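Nothing in this text is a laboratory measurement; each read-out follows from the coordinates by a stated rule. If you're wondering where the values come from, they're calculated on a predicted model, not measured in any experiment. Here the Cβ positions follow ideal geometry from the backbone for every residue, glycine too, while neighbour counts run over all protein chains shown.
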Amino acid sequence: MSVVEYFAKVARKPTISAIRILNQNRILYMEMVDVDVVAAMVRGDSGSVYKVVVNIREGRYYCTCPANIRGRLCKHIIAVIIALERKYGVAVRPKPPSSPGSE
Ligand SMILES: [Zn+2]
């Protein structure tokens with residue numbers, strides 16, 4: 001199962017939006033900032049730019065957009081993870097969001 005197929009199962013709507021982000025080249029910047037960590041800047045639908053950080057090994061992720069405040073897997077994160085696979089051949093399997101107050 002590819003990363004895209006995986007996301008289409010667990011988060012169908014944001015995955016469709018993520019594919020649109022990729023098709024419109026709205027990932028402005030993406031770079032490995034550590035062995036297992038990628039940082040990216042993604043332009044949202046409103047034109048605002050959000051920062052996304054993904055820890056590949058741990059399957060953890062973070063985005064500065066309002067949808068991700070509660071730790072949800074947003075379209076920006078999904079777009080970055082799909083781009084990661086396309087660019088570096090890295091398959092990330094994100095952990096489900098942790099509930100507020102955990103860890
Ligand atoms: Zn986001």
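Worth pointing out:
- Some residue of segment 38-50 being within 11 Å of the ligand (Cβ to nearest atom) and closer than 20 Å to E5 by Cα: no
- Failed condition for N68, given (1) touching a Ser or Thr at 6+ places or on another chain (Cβ under 9 Å); (2) surrounded by 14 or more Cβ atoms within 10 Å (Cβ to Cβ); (3) not aliphatic (A, V, I, L, M): (1)
- Selection over segment 42-91 of residues that are under 16 Å from L22 (Cα atoms) and of a type in the set (A, V, I, L, M, F, W, C) gives a count of 12.
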